[in-house]
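Notes for the one structure printed next.
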Amino acid sequence: QVQLVESRGGLVQAGGSLRLSCVASGRTFSSYAMGWFRQAPEKEREFVAAINWSGGSIYYADSVKGRFTISRDNAKNTVYLQMNSLKPEDTAVYYCAARSFRTHRIPGEYDYWGQGTQVTVSS
């Protein structure tokens, strides 16, 4: 069992930056692939970024590539999402998620989810 707790999001102006973190409980964090997803009002949850257990394989949605960076620190049981050059369309509730084995882009393939944190980007 893994419990995930995201850091507080916030309100940021367009062009600004924000870093989210997600702390996992349990001793097997390093064996999990981690993902970040987001869900805007009246939209489906969508893939943002994913990282494998070692950090050696990383994937991004095209919409955030070059602006967002996912990373992890297995010693701290934490995964991060650094978000730069934020746009109003990045406004959403952001979730971290964990799954065994390999990364995946489909939300339904993840076993554990955080509670979500609101990120609002003003224009």
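Express the carbon and sulfur contribution to the solvent-accessible surface of the range 1-74 as a percent, rounded to the nearest whole number, probe 1.4 angstrom. Walk me through the numbers on the way to the answer.
Values: 1890 of 4160 Å².
Taking all protein chains in place, the range 1-74 shows 46 percent carbon and sulfur surface.
Among Ile70, Ile58, Ile106, the residue with the largest mean-square fluctuation in a Gaussian network model of the chain, with springs joining Cα atoms closer than 10 Å, is Ile106. Here the gap between Thr120 and Asp62, fully extended at 0.36 nm per residue and compared with their Cα-Cα distance, gives a gain of 18.9 nm.
Take the chain with all the other protein chains still there, run a 1.4 Å probe, and you get 54 Å² of accessible area per residue.
Comparing Ser30, Ser71, Ser63 in a Gaussian network model of the chain where C-alpha atoms under 10 Å apart are linked, the largest mean-square fluctuation is found at Ser63.
Charged side chains reduced to their Cβ positions (Lys and Arg at +1, Asp and Glu at -1) give the range 1-108 a dipole of some 280 debye around its Cα centre.
The values are calculated or read from the model by the stated rules, or taken from the named source; none is laboratory data. This one's a predicted model, so the numbers in the text were calculated from it and none came from an experiment. Every residue, glycine as well, gets a Cβ built from its backbone with ideal geometry; the counts of neighbours run over all protein chains shown. These accessible areas exclude ligands, DNA and RNA; they are computed on the full protein's heavy atoms, side chains included. Shrake-Rupley method; radii C 1.70, N 1.55, O 1.52, S 1.80 Å.
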